[in-house]
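**Q** First the structure, then my questions, so here it is.
The values are calculated or read from the model by the stated rules, or taken from the named source; none is laboratory data. Quantities reported herein were computed from a predicted structural model and do not represent experimental measurements. Here the Cβ positions follow ideal geometry from the backbone for every residue, glycine too, while neighbour counts run over all protein chains shown.
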């Protein structure tokens with residue numbers, strides 16, 4: 001089993017170079033967006049500070065409380081498991097629908113058909129329960 005899962009919130013344990021220059025500092029937060037070879041490596045979207053858009057398309061420093069603020073992406077890099085630590089598991093960071101979508105995207109076609117059939121069964125069961 002993977003040490004980390006898709007959409008887990010993680011923090012860098014060490015400084016890493018960014019592909020397009022600069023570095024992401026130790027303690028930089030990110031989110032796992034891809035898992036390679038059953039957890040041998042992870043693609044992590046790394047975030048900088050809080051910003052908001054300006055009218056001319058630039059970013060300006062902001063706070064999490066400000067309307068329309070978000071954390072700026074500073075890079076999407078491949079990291080090794082020993083370079084990151086878990087901050088928030090995906091099950092706490094994203095909703096069930098996002099988790100299911102990520103899982104479904106990994107399944108072969110014949111398994112997808114089984115998942116679809118089970119989902120239709122659950123829907124029918126719920127409809128019958130509402131009718132009674």
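**Q** Among the candidates 89, 81, which residue alone is farther than 21 Å from residue 26 by Cβ and within 22 Å of the chain's Cα centre (by Cα)?
**A** Within the list 89, 81, the selection yields 89.
**Q** Given 95, 39, 21, which one is closer than 25 Å to residue 115 by Cβ and loosely packed, with under 13 Cβ neighbours inside 10 Å?
**A** 95 is the lone residue from the list that is closer than 25 Å to residue 115 by Cβ and loosely packed, with under 13 Cβ neighbours inside 10 Å.
**Q** Then there's this: Of the numbered conditions (1) out of contact with any strand residue (DSSP E or B) (no Cβ under 6 Å at 6 or more places or on another chain); (2) over 23 Å from residue 3 (Cα atoms); (3) exposed (fewer than 12 other Cβ atoms within 10 Å of the Cβ); (4) at pLDDT 85 or above, residue 68 satisfies every one except a single condition; which is it?
**A** (1)
**Q** Here is a further query. Name, by its number, the condition in (1) farther than 29 Å from residue 118 by Cβ; (2) without any contact (Cβ under 8 Å) to a residue 60 or more places away in the chain that does not hold for residue 11.
**A** Evaluating residue 11 over (1) farther than 29 Å from residue 118 by Cβ; (2) without any contact (Cβ under 8 Å) to a residue 60 or more places away in the chain leaves (2) as the failure.
Quick grid of which residues meet (1) assigned by TED's automatic domain parsing to the domain that holds residue 10; (2) part of a strand (DSSP E or B); (3) without any contact (Cβ under 8 Å) to a residue 60 or more places away in the chain:
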site: 60; (1), (2), (3): yes, yes, yes
site: 64; (1), (2), (3): yes, no, yes
site: 71; (1), (2), (3): yes, yes, yes
site: 76; (1), (2), (3): yes, yes, yes
site: 112; (1), (2), (3): no, no, yes
site: 115; (1), (2), (3): no, no, yes
site: 120; (1), (2), (3): no, no, yes
site: 126; (1), (2), (3): no, no, yes
site: 129; (1), (2), (3): no, no, yes
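**Q** Evaluate the stretch 10-27: report whether one residue or more is under 16 Å from the mean Cα position of the chain (by Cα) and assigned to a helix (DSSP H, G or I).
**A** Checked the stretch 10-27: no residue is under 16 Å from the mean Cα position of the chain (by Cα) and assigned to a helix (DSSP H, G or I).
**Q** So, in the stretch 107-132, how many residues would count as being under 21 Å from residue 6 (Cβ atoms) and loosely packed, with under 10 Cβ neighbours inside 10 Å?
**A** So the answer is 2.
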